[in-house]
Each structure stands twice: as C-alpha cells, then as structure tokens.
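First the structure, in the form of structure tokens, and then the observations on it.
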C-alpha cells in the first residue's frame, strides 16, 4: 500500500498534538513540582519518620527520573511538531495526494507523450518525402503539426507537475518519518510504567516491593536517547534524497547498484537513523556489507579491477578502495564508535595542544582495543601491495607485446627483433615516474592522507591497528614493500627518494639539509625504519 496524504487530516493531527502537548506539559509540570516539594520536605525535616524516609527511595530512584525523561520526550515532540509543520507547508497546498496514483498517472502521460512524439516524427518524415508541393494542403498540414506540438507541450507540462508533486510528497515522507519515534517510545514506556507502579506494594514502614512485576521499563526508558530531528530543506539534503529515490527504484526493479550508488545509499541511511527503510534497502545493505567483509569476494573484485581497461593509477586506487571496504566492514562498530568520539572534538582534532593530543591518543588506543576482527594488518597490506605489483606486471607484458608487434611491422637497420637493454632502461625510467605518481601526496598509495568516505572522513590506514602503531606506519611500510618490487632498486635508493619527496612536501630546504647532515634521509623521524620494514617483508615474501 502506497503513501497517501490528506491536507485536512494532517491539519487535524497538528491541532490534536498541539492540544495534547499543552495538557501533557501541565500534567508533568504538576507532577514534577509535587515530587520536588516532597523531596524538599523530606530533606528539610518537615516530614519525618521511617515510612517517609523509606518511601523517598521510590521517588528518587524511579518516579522522579521517569518524570524528567517524560518531560524531555514532550519537549522533543514539541520541537519535532514544529519541524512537521514546516514539512507539511510544502505539500498542504496540493490537498490530497496518493503516491501510487501519481506514479501511475505519470506513466500514462509518458506513454501518451511517446505516441504524440511518434506522430510528430511520422508527419515530419512524410512532409520531407512530399514531391508535389503544389498539390499539398499546406494550411491543413501546418495546422495539424501545430496541434501536435501544442499537445506535446501540454503533456510535458503535466508530467512536470506530476514530478513536482511526487518529489515533494516523497521528500515530505522522508522528513516526517524521522519525527516522534524516540519520544513516542518514552511515552509508551511511561504508560507501561504507570501500570506497573500501580501494583507496587508499599508497607507501613514505607518500604516498596516490586516482586513479580516487570520493571524493565525503567532501564529501557533511561536507555532511550532522545534526539530532535529538524526539517532540513537544504539543496544538499534534497539532492541526496533524489539520488536515494533513483537508487530505490533500481532496487525495486531488481537492478544492480554501482559502488558509488551503494555508497550514496549507505550514506543516506546513515544520515536518517530513525527512518524505517523498505526491506529491499535493508537486505541490500546487509548483503553488500557481508560481501565486502568476505576475503574471497575481495579477491574476486580485485581480479576484476586488474583485468579492466583502466590505467594503472586508477586500478591502484580502486584496489586500495576495495581493501578499505574489507577492513571497514570487518570492524564497522569500531570505526563508527571511533568517528563519534573524533567528531565530538570538532576542529580541535589535530591541534598541537598537549591536552588535545592526549585525548587524540586515547581515542586511537580505544579504537585498537575495540577491534573485533583478527585481521593481521601487515599481511593485508602485503596482499594489497602484491595486487598493485600485479597491475604493473600486466602493464609490462602489454608494453612488451606492443613493442614486439611494432618491431615486427617495421624494423630499423640491424634490429634482430629481440627486446634489447635500451627498452629495459626506458621502462625503468617510466617505472620511476609511475611509482612517484602512485605514492605522492593525495595519490592512491598515500595511505595516511586517504579519506575513506564523505560520512567517514578519515584514513582507514592511519589508525592504530596494532598497539602503539603510528598513523603513518602503513603508508611508509607500503612505500617500502611496493617500491622494492616496482623499481627493483637498492634499499638506500628508496629511502633517499622518500626523504627527497618529504623535503619537497615540507618546502623547508634547511630542515632537509640538516636532516641529511645528521645521517638521516631527509624524512620524518622513524620513516626510514618503517620503509625498511616494508622492504624486508618484500624480500622475505619473494626470496
């Protein structure tokens, strides 16, 4: 059953909720005031005795906290009712709307438009084929043509009007479906609590007994997190909703989603935690998350990337992204909790202040402790490095085949048809350029600075995967591992190159020179050792 909207019923709902809120506020104000007065009287000694003292516990432990929570829920309903009014104002002018009928009517209009356009095209073709211009009734021909174009314009206008109604109704639903959920849960628990409290036995000494009663509502009420959802009509929100609707249509028609579409879908769901989404959406999210956390599915995806017709840097970027998904979905709860804590710090994150640095370090340590998967991050990074090197090897084979094909067609004097050392030297120079393009700042293998996603704007690789791991460890480690296989150069060559790149990035010649004079490579402290770790593991893997 589709969405149906009635402006009159919506207005009646607004009025009823406004009246009920007024009554609810009056009741909770009286209850709160009475409880506060009772506790004050007990604390001041105005009311004394064992019964009063014992009865105080029932109020302070259960009744008063419940009333406070109820007040918070009512305040939340008041705020979200204002949001509802703002959303309602965007569609109320249409009167009654039925989403299924609107979509069916749009489909019918599109079919009519196709017929009219076909008639216009047929008439155009017919006019172009007329040979006897003098025998043609031009007045009638142009009249019919004008009628068809006017009809086309009217149908297009009608379709646009339907699109506007559909878009506004769907956006209205997406907004209001976030409202009142948490606060209504509190109200439901409060009603259950009132029923249970009426059965509590209080003896003559003021002691209360809840034996046999279901008092779980007390903790459940405490656990409900009340968050006020505001009406958001920003262009960004509307654009995201439009994308979601397109994706939902694809899912309902059994079509597959691209990686980008899945990311948009997950981002939309992430930004609307209170909405109950269609089963087709929740099942897709669950299935895709399971696939991305599966090592076999990861390898299938990587092999597909390797065989694609993209250039090597694009392949490397997609391979790293696939591994990022694998790591994220194997440790999703840890990453989500990490981002919540980091987000709370706002613009303070990254500042050099010692207190802030301590907070940052604590959050990174907590991330490490919260990891649930038994992933060996170095092995994962090695596997990713091997896949990047496979891309290079495939490219080298293609280059060799192209060169040989060219030389078989045209040979220079003295050419024996075999690849000589000059080609190898040329490849080495090209390899250096390609490798630099892979590891430079904000390039595919710059792991520390890679942003995973818009809704998780941090590096997957820069986290503390092992106790005490530095944020730039895996980036340097991969530099050494891939660099050794990519360039087949000496260890020193790689570390000197990394230091030179760091010097260019810092744009501080004096710092670089002093670093080199002191026996280092011009890089940050510890970078050379991290790079050497990667080099050593590459040698161990390929010995």
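By its C-alpha gyration tensor, with a ≥ b ≥ c as the square roots of the eigenvalues, how is region 230-363 shaped: rounded for a/c under 1.5, else prolate for a/b larger than b/c, else oblate? Oblate shape, in that a/c is at least 1.5 and b/c is the bigger or equal ratio.
Available extension along the chain between residue 249 and residue 467 is 74.0 nm, counting 0.36 nm per residue and deducting the alpha carbon span. Residue order for 115, 67, fewest other beta carbons within 10 angstrom first, comes to 115, 67.
Here the contact order of region 177-330, divided by its residue count and restricted to Cα pairs under 8 Å and six or more residues apart, works out to 20 percent.
All of the numbers you see were taken from the coordinates with simple rules; none came from a lab. The shown structure was predicted, so the numbers you read here are calculated from the model rather than taken from an experiment. All Cβ positions, even for glycine, are placed from backbone atoms using ideal geometry, and neighbour counts span all protein chains on display.
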